[in-house]
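S.K.: One structure, pasted below without further comment.
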Amino acid sequence: MWHYLLKLLITSVVVVAVSELARRETWWAALLAALPLTSLLAFVWLHLETRDAGRIADLSQSIFWLVLPSLLLLLLLPALLRAGWSFWPSLVASAAATALGYVALAWLLHKAGIRL
């Protein structure tokens, strides 16, 4: 139980740190958010819980492929906001485009014989 609570605490601290830092220094908040902290934490937790290097390698490779469609959100959201869209429609459109990107990537990877 303490292990689960520790995971929740560390993950929460990272998210709160990014949101608090963003109010003061956007660049530093962006840097912290861009770091693969979630992935690093997941690798550590998986190692501590399973000691299975193969699972960690599979997770790392899958994360690589799934980062690609997430870039749609990071490109489309600022473009829509700067084009005069309000926040919520911009966020919904960006998230929908990202979801479609995930579906397209899954289809392409399946066709290429790459298994996530």
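S.K.: What percent do you get for the relative contact order of the stretch 1-74 when only Cα pairs under 8 Å and 6+ apart count?
M.R.: Normalised by residue count, the contact order of the stretch 1-74 is 16 percent.
S.K.: Which of A104, L72, L59 sits farthest toward the positive end of the charge dipole of the chain, with +1 on the Cβ of Lys and Arg and -1 on the Cβ of Asp and Glu?
M.R.: A104
S.K.: Calculated from the structure, semi-axes √(5λ) of the Cα gyration tensor in Å equals which of (i) 28, 24, 11; (ii) 28, 13, 10; (iii) 23, 16, 14?
M.R.: (i)
S.K.: In the stretch 1-65, what GluC sites (Glu not before Pro) fall in a loop by DSSP, with at most 13 other Cβ atoms inside 10 Å?
M.R.: Listed in order of number, the matching sites are E25.
S.K.: Longest exposed-loop-site-free stretch of the chain, with trypsin sites (Lys or Arg not before Pro), DSSP loop and at most 10 other Cβ within 10 Å?
M.R.: For trypsin sites (Lys or Arg not before Pro) (loop position, at most 10 other Cβ atoms within 10 Å), the longest site-free span of the chain is 52-114.
S.K.: Helix-only estimate, please: 222 nm mean residue ellipticity of the chain, summing -39500 (n - 2.57) across DSSP H runs of length 4 or more and dividing by its residues, to the nearest 500.
M.R.: -30000 deg cm²/dmol
S.K.: Over the stretch 14-116, with every protein chain in place, what whole percent of the accessible area is carbon and sulfur at 1.4 Å, could you tell me?
M.R.: Answer for the stretch 14-116: carbon and sulfur cover 71 percent of the accessible area.
S.K.: Now, a different point. Rounded to the nearest whole Å², what accessible area per residue is found for the chain with the 1.4 Å probe?
M.R.: I get 74 Å² per residue for the chain.
S.K.: Once you put a point 7 Å from the Cα of A79 and another 7 Å from the Cα of A22, both along the Cβ direction, what distance in nm separates them?
M.R.: 2.1
S.K.: Let me ask another. What size of dipole, in debye to the nearest 20, comes out for the chain about its Cα centre when the only charges are +1 on Lys and Arg C-beta atoms and -1 on Asp and Glu C-beta atoms?
M.R.: For the chain, the charge dipole is close to 140 debye.
S.K.: Same structure, new question: Can you work out the PRE-style zone for V15? Point 7 Å along Cα to Cβ, and I want the residues of the stretch 27-61 with backbone N under 20 Å.
M.R.: What the label zone holds, given the 20 Å backbone N cut-off, is 29-46.
The values are calculated or read from the model by the stated rules, or taken from the named source; none is laboratory data. The shown structure was predicted, so the numbers you read here are calculated from the model rather than taken from an experiment. Cβ coordinates were reconstructed from backbone atoms using ideal geometry, including for glycine residues, and neighbour counts include every protein chain displayed. With ligands, DNA and RNA removed, areas are computed over all heavy atoms of the protein, side chains included. Shrake-Rupley method; radii C 1.70, N 1.55, O 1.52, S 1.80 Å.
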